[in-house]
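What follows is calculated from the coordinates using simple rules that are stated; it is not laboratory data. Model, not experiment: these values are computed from the prediction. Don't worry about glycine lacking a Cβ; one is built from the backbone with ideal geometry, like all the others, and counts go over all protein chains shown.
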């Protein structure tokens, strides 16, 4: 059941021209927090995505540019450039590029030579949506409609979005995101202490039944991964985790709390951005909720000041506290849901060696996700349709529900997964 | 006389399956200080040996485990694990391993599938002896008897054991340990200032005769390396340095002081643990002696707090003091016997290029040691007997003695090398 | 016009045996500041040049030695050695080398064996000249006459010499040094604020005409790179930048200020020493000028204390100040002429990928310099004469001049380029 070396490489390499790298390039992906490039003519920002080094800027008219980091002339980083008068100007010889990457001023050459008009940096279109700047790095003629993930559609007061650096390949991060089974262990002690998770009956179910049964349903946007545990009164407790292509996961909500979700975006093959979102489809986040998110509770983290690097990170052993681990307050001794996950995922090494795994039945979601990614990547090569491109397929929610034992989640939870915006989540 | 590139690689590579790596795996080696895993159910400790990443723990019943660092399930580091109820439990999904590496709980799979019983991590047996945890990483059917080096056999009050990280291949460290000739130079200024070396007539002999004559005698445990210098009254001063297979060296004692010794244990091919031992076979160490050892005198060091990294290290140029070097107080300007050696050995690069050497007659011990290691490594491949496996061959001491010029150390010092426990060292 | 991968590699690799590496080895190059090895029997200094690790020392009689860093015996770094009694003695076993690399004492072997006399480390001749220690790393029989660059010939009070580490290949540094066109942009805001550049009419010309016309003239020492801009009164303003083989550049002077110049010396292929020189051929530097240079003004920098690493460096994003960039006080937001250049050159990566460039007409000097280096490197292989070896060809100055439009700089500026010592520069 372990992967071959070739399969592992196919799944984890994301550069241009790679199998899965080209698949990712068919989808819009979050590239920056909107606040990073909020100001017209503000500082440009270095961005690396799928191994490509880029620079983002907002021009005088408020347009967003995401272009190659390096000047076409001599290869100088445009991060040092001047964002002025509708373009980013290289500090070295004043070559200037607009948001499309087109050179609009080339002061070292007479316009008559036509050189300026021929100079165009690689550029990618951007959309601001849901507090993030999204980009599409694939063939222009195949550009899909803008993302419609539910958290991008709600009003800003109903949403909180953060990102952090994760020092691992994107795939081991995704595999954590769709893995309901580790909740019973790793997060066990933390759920009822965290202001964004506490107070749900589901926390008891998670602790009580540590061998969930997985049912995975493929749908037009990706997968619906159902994990079933014993609940009270002879019922099943279902957590349904959507995996929306190519890198979005949603967390089954807990009674009253906002829904959680992630996007796992490759920086290069050994690092990814872990985007962490909380939103409530039907109400504004409360002030205490928003404060807790800013304070690094729930799926968010505290940062090394001035960076997106978690304060608890590999270099400081994630501030491991053996005493809270021993007492059971923290199952792993690491503080915070997000870093509990990240610490273990990073401990696998930058790229997990999946030829050495021993998967079991609770890994069904992981197995199916790998299979889907490879299948879609091959479909992309062959030019056949891809899941998750149609915005309608992205309009799915996570859902937590108790059902009678004779009802499959496909029947009992479907309505909860595909409810309209402005309705409450179905949750336990 | 310089080695070929192939010989140098054979001698310095220690991973599984390498020629010398497989030789080392035939012997017990010190893996940790006993104090690092003293407490039952205490924190697990990361250990790397011969290139293999392991984790050590002491279980509820006090048994020691040294097993693969990574969970068999998804490859998470078990350093993050919970040491509880006779096993180390992975924080991710609760898989639990006993000290043999056997999976004893696999909560994500029904016991009936038989999966749990099939999951077993690589593990190595451990013995606590002489203040250290020893392990054997070779074929179980070839496991030798426990180590019997003299320092492991004395009562704790007669012994002091420390370890430090050395940022070089093990071999250049061993080669320093058996090299009596550099004492006349590198340590020259320090011997009479150090509380654990001072006051011996031998210090004068070392300084006076800088071209010792080497006689190397192979014996069942390895080599007895005799270095002969002129002494008073027309006699020879002999320092005999045993090299006990595969990586133990003993320092010729100075009058009244405890005997010193080292084990040089490969972490990977570019780093090793320098174990440093002082012991007296016939009396307890005195309080001032023990304090001096704790203070980094003699062959011990001061540390970067919370680590086994010497405070004076490569990153700070070993706190080189050109003024004490110039004045001659310190021959090399580096403080402390241990770091005088380590600084120079690390300056050769992580793996010394032995194809460029120019060896001379005082390098006889080094030449013979390399030869013995290669010979034994080939014997191991061929299945013929190895030196140093029989505990009796490990019961050797270092010895320093003045002898008439017509007496070879094999005759005059033999009794001093193989005296019984509880007897005083033969020393100058 | 972009280079092939092969050409880029040929131009940027400088190790022994490489095409351009062997070319560099035909010339004297500055290796250290004279002050670094000022004292007889002072501390030895590690030096890396063209990828070779060396150690420099001044012996008891004041002679300079530049020899292989590693002892011929066991490969220990001689940086740890003792500089005493006319030689550098290894701290390990006391082997001692004189300034020619000859082993003059080998205490571990009887002199009668003849071994000592056979041991000789690689060594390179040194000359102290112009505040620098120069070395020649090529075939002894081809050693040229000592350097005669004008700044090496003036009295010490007329000269200020500094060096800093640049974290890039030498070539992108040279290419900055000969590139008059970027002055109009990168340094635009800084020229009239800097005490060593301000107050020249040329600063206006540089800002006003941003598309200089280049005329490049090959001469016996290398290239004379003329950049022509519009001046007042229907005249041309010429800046002539000599490139003297293999790595020297001179900066066109500004009225009244000292002349500036650089040597760009490869440490290895990813780092170089940026030597920065100011001198006045006809007068002593004033106290305020000298103070400004010490304070990191002009082409000099402030340092991380105790090092030659610029205080503003890659690790701190060169202390980029977006507010001074935005206001235009600093075109790139980086403080200081030197780090404005270095920051951009380092941003190209350790070795710029010149296969992706788009060169334009203002890059003529760069194109010609690359061509000359490759041509000379091939001439060196073929044994035909090389430019810049004859000291007379090195006696050239930079020059800035206004000329009528019908006068080429070859005619109008020639006298200014080759004036005798002790005459004022021709400058605007």
Which residue in C is nearest the C/B rotation axis when you measure from the C-beta atom, and what is the distance in Å? C:315, 9
Report the FRET efficiency, 1/(1 + (r/R0)^6), for residue A:392 and residue A:198, where r is their Cβ-Cβ distance and R0 is 45 Å, rounded to 0.05. 0.85
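Summarise the partner chain shielding of B:75-88 as one whole number: the mean count of Cβ atoms from other chains within 10 Å of each residue's Cβ.
So the per-residue partner count for this stretch is 5.
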Per-copy distances of the residue C:230 label point, shortest first, in nm (7 angstrom along Cα→Cβ): 8.9, 8.9
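Just want to confirm a number: the relative contact order over chain C, from Cα pairs under 8 angstrom separated by 6+ residues, in percent.
19 percent
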FRET efficiency (residue A:255, residue B:112; Cβ distance; R0 25 Å; to 0.05) is 0.15
Nitroxide proxy distance, nm - points 7 Å out along Cα→Cβ at residue B:233 and residue B:84: 7.0 nm
Which FRET efficiency, nearest 0.05, do residue B:408 and residue B:326 yield, Cβ-Cβ r, R0 51 Å? 0.80
Roughly how crowded by other chains is peptide A:175-184, in terms of the mean Cβ count from those chains within 10 Å of each of its Cβ atoms? 2
When B:200, B:181 are ranked with the fewest other C-beta atoms within 10 Å first, the list becomes B:200, B:181
Would any residue of the range C:151-189 have its amide N under 20 Å from a label point 7 Å out along Cα→Cβ of residue C:316? List them or say none. C:163-168
Under 18 Å from a point placed 7 Å out from the Cα of residue C:145 along the Cα-to-Cβ direction: which residues of the range C:385-412 have their backbone N that close? C:385-397
For Cα pairs less than 8 Å apart in space and 6+ apart in sequence, what is the mean separation divided by the residue count of the range B:381-428, i.e. the relative contact order in percent? 39 percent
Residue A:120 versus residue C:16: modelled label distance in nm, points set 7 Å from Cα along the beta carbon direction: 5.2 nm
Can you give the average number of partner chain beta-carbon atoms within 10 Å of each beta-carbon in peptide A:358-368, as a whole number? 4
So, in nm and shortest first, the distances from residue C:42 to its counterparts in the other copies, with label points 7 Å along Cα→Cβ, work out as 5.1, 5.1
In deg cm²/dmol, rounded to 500, what helix-only [θ] at 222 nm does the protein assembly as shown give when every DSSP H run of at least 4 residues adds -39500 (n - 2.57) and the total is split over its residues? -5500 deg cm²/dmol
Most exposed first, judged by fewest Cβ atoms within 10 angstrom, B:357, A:218 run A:218, B:357
Only bridges with both residues in the range C:205-338 count here: give the DSSP antiparallel percent, nearest 5. 100 percent
In whole Å, what is the distance between the alpha-carbon centres of the range A:153-213 and the range C:231-270? 62 Å
Label points for residue A:305 built 7 Å along Cα→Cβ; distances to same position in the other copies, nm, shortest first, come to 2.2, 2.2
For the range C:245-298, what does the relative contact order come out to in percent, with C-alpha contacts under 8 Å and a separation of six or more? 24 percent
How many angstrom lie between the C-alpha centres of the range B:349-392 and the range B:1-78? 22 Å
Which order do the peptides B:315-321, A:9-15, A:165-171 come out in when sorted by mean C-beta neighbours inside 10 angstrom, highest first? A:165-171, A:9-15, B:315-321
